[in-house]
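Report on the following structure.
The values are calculated or read from the model by the stated rules, or taken from the named source; none is laboratory data. Treat the numbers as computed from the prediction; the structure is a model and nothing was measured. Heads up, the Cβs are rebuilt from the backbone with ideal geometry, glycines too, and the neighbour counts pull from every protein chain shown.
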Amino acid sequence: MVATPIGNLGDITLRSIRVLEACDGVACEDTRVTGKLLKHLNISKPLWRYNDHSDTKDRKRLVESMATRAVVLVSDAGTPLVSDPGYRLVADARAAGVMVTSLPGPCAAIAGLTLSGLPNDRFLFAGFLPAKEKGRHDALGDLAAVDATLVFYETAPRLIRSLEAVATVLPKRSVAIARELTKLHEECRTGSPGALIEHYAAHPPKGEIVLLIAPPTGTLTEDVDTDAMLREALTEMKPSQAAGLVAKASGKDRKTLYARALELRSS
């Protein structure tokens, strides 16, 4: 497994170049993307597509080829297996007795974490938030009590919707947006969910994004507007579900919140 640049091609390591030069072939998500990198490095190797659409037969053929050939696994950018399907190939290779090793290098989640200024002694990488609004709210609610900085990948078109979910479920948390990492227009902006929504509504973002949410700092203060949180949740949830979500986010009693949700719904 070889980590590849997430933006700046100068981030490829010397060891990675040597391995790419010496291997018999490269398994990659998109042959066009990896082909550009190899061309930049003046390396020519067979490229085998391996991505979300690959099936068991594809993995079997690759593993069988590893009996006599050295195969490099890469993703389009960053460290393989971090939010991509390569773990299945690695698991099958190890089960077949193939020696597997990993060459460290660029990773957007780690780069974003170090730039954010948020606590990094404990963090949880949670991939992408769900595409649907209820799924986003549920996912954030499930992670609300985790005593660690939360790290997500996000796309530019979905960023504001994800920030709106954070504003509803975790309104008191500091949030950081790390964008265009290692590239010319690299940016890391930190603030409240509301302030970041306002900024990106006025300045639509581009590029790949890392969304980071600060850990809880203890029991939230009494001025948390649970009524506003309940009203927002009730737009798409039953009172019992809304109460459970807000209870996780605020630390308030679920039964009390359920009773209040019933009042709000009938008012």
Out of E180, E198, E263, which single residue is touching a residue at least 24 places away in the same chain (Cβ under 8 Å) and acidic (D, E)? E180
Could you list, in sequence order, all residues of the stretch 62-74 that are of a type in the set (V, I, T) and either at pLDDT 95 or above or not in a loop (DSSP other than H, G, I, E, B) (or both)? V63, V71, V72, V74
From T168, T155, T190, grab the single residue that is surrounded by fewer than 19 Cβ atoms within 10 Å (Cβ to Cβ) and modelled with pLDDT under 95. T190
Would you say I43 is more than 21 Å from V90 (Cβ to Cβ), part of a loop (DSSP other than H, G, I, E, B) and over 26 Å from the mean Cα position of the chain (by Cα)? yes
Wholly enclosed helices (runs of 4 or more DSSP H) of the stretch 206-267 bearing at least 1 residues within 27 Å of the chain's Cα centre (by Cα) and at pLDDT below 90: 226-234, 239-250
When you check V82 against the structure, is it surrounded by fewer than 18 Cβ atoms within 10 Å (Cβ to Cβ), out of contact with any Pro (no Cβ under 6 Å at 6 or more places or on another chain) and of a type in the set (V, I, T), yes or no? yes
Please go through the stretch 52-80 and pick out each residue that is among the charged types (D, E, K, R) and over 22 Å from E208 (Cβ atoms). D55, K57, D58, R59, K60, R61, E64, R69
Checking R59 against (1) within 29 Å of F128 (Cβ to Cβ); (2) at pLDDT 95 or above, which single condition isn't satisfied? (2)
